[in-house]
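What follows is a short report on a single structure.
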């Protein structure tokens, strides 16, 4: 079983910010939910609560950035783009301000239902000029994404994992480079966020059935490592993408765009929310119900290869990476 890290963002942000006095932590009434309550208490000179007023927070952050501060905004992902979209464009993106949007509870990692599940955020943010999009997939990436985001000259949107987060990787978050997790000759799998953990769970059952999987983890979604994808896809019989997002406009769409533009002519299966909203429940339940888990990945690979890859749930459980992590009760808001 892998290491489970409790609240990795809280520790990482405090260490990062206290070394940089120009960093200002902004909160929109979700301070403890976004793991910056300890920072608020210990470093009030670098903390501002803007209350439940995200539109004002985006405009305020643009002004701070214009004056040389480096604002890091903390709230649930949905509240960084749905409600304040106009302010996001005009006060932050248009002027290319160095504002860092730290979005918690991405996709279906919350039981909060439609009002709290950012299932179309990547598609929205991809459409905004000047915007960079990063997504964390484990505790190591949560701990090391801050310096990566801070080095970018312009606005950055980050999908952040919180609470009990598994450590899957031993190396730091690397900007705009696909992370190779396995190599194989049959199928290319490209995953992101919490779905990478599910893809890793499928590795052993697939290996037992003599299926060679080349697995790439994507943590930078805009820009995207086009060369890394093109190099990995050559010689494969098909590609499967797996993401914690609607298949429209996210990882699956951007992979499809690159495959088409490069004229690679290879079959693609996009796994994610299939043009639907999700209801509220635990993350493992929702991932299974909406086809974002290891079982859905194996089924898609079998379809691509024309094979009936019957894998019982017990086989996935035997290779679980996160027994404690996924057996916990549904996370509260």
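Residue 22 to residue 147: extension gain in nm, 0.36 nm per residue of separation minus the Cα-Cα distance?
Values: separation 125, 0.36 × 125 = 45.00 nm, distance 1.38 nm.
Fully extending the segment from residue 22 to residue 147 adds 43.6 nm.
In Å and from the alpha-carbon atoms only, list the Rg and Dmax of the chain.
19.4, 61
When DSSP assigns beta bridges and you keep just the ones with both residues in segment 179-321, what percent turn out antiparallel, to the nearest 5? All intermediate terms of the calculation are to be shown ahead of the outcome.
Numbers: 3 of 19 bridges.
Once the DSSP bridges in segment 179-321 are tallied, antiparallel ones form about 15 percent.
Could you calculate the contour length gain from residue 237 to residue 6, that is, 0.36 nm times the residue separation minus the distance between their Cα atoms, to one decimal place in nm? Provide the component values of the computation, followed by the final result.
Working: separation 231, 0.36 × 231 = 83.16 nm, distance 3.96 nm.
Once the chain is fully extended between residue 237 and residue 6, it gains 79.2 nm.
Mind giving me the nanometre distance, one decimal, between the label points for residue 289 and residue 45, set 7 Å out from Cα along Cα→Cβ?
4.9
Gain in length, residue 256 to residue 85, computed as 0.36 nm per residue apart minus the alpha-carbon separation, to one decimal in nm? Spell out each step's value before the answer.
Working: separation 171, 0.36 × 171 = 61.56 nm, distance 2.65 nm.
Working it through step by step, the gained length comes to 58.9 nm.
Okay, helix-only estimate at 222 nm for the chain: each DSSP H run of n ≥ 4 adds -39500 (n - 2.57), divide by all residues, round to 500 deg cm²/dmol; what do you get? Each step should come with its number before you reach the end.
On the way: 13 runs with 110 residues, N = 333.
-9000 deg cm²/dmol, from helical runs alone.
Out of 109, 171, 180, any idea which swings most in a Gaussian network model of the chain, alpha carbons joined below 10 Å?
Highest fluctuation of the listed residues: 171.
Provide the FRET efficiency to the nearest 0.05 for the residue 170-residue 281 pair, computing r from the beta carbons and using R0 = 25 Å. If you can, show how the numbers build up before the last one.
Details: r = 32 Å, r/R0 = 1.29.
Between residue 170 and residue 281 the formula returns 0.20.
Taking only Cα atoms, what is the 0 to 90° angle, nearest 10, from helix 54-66's long axis to the longest principal axis of the chain?
The two axes meet at around 70 degrees.
Angle, helix 139-150 long axis vs. longest principal axis of the chain, Cα atoms, 0 to 90°, nearest 10?
That helix lies at roughly 50 degrees to the long axis.
Of the residues 151, 202, 77, which exhibits the maximal mean-square fluctuation in a Gaussian network model of the chain defined by a 10 Å Cα contact cut-off?
Ranking 151, 202, 77 by mean-square fluctuation puts 151 first.
With springs only between Cα atoms under 10 Å, which of 76, 277, 224 fluctuates most in a Gaussian network model of the chain?
Between 76, 277, 224, it is 277 that shows the largest mean-square fluctuation.
Helix 294-305 against the longest principal axis of the chain: what's the angle in degrees, Cα atoms only, rounded to the nearest 10?
On a 0 to 90 degree scale, this one is about 50.
Each value in this text was obtained by applying a stated rule to the coordinates, not by laboratory testing. Everything quoted here is computed from the prediction, not taken from an experiment. Virtual Cβ from ideal backbone geometry, glycine too; neighbours counted across all protein chains shown.
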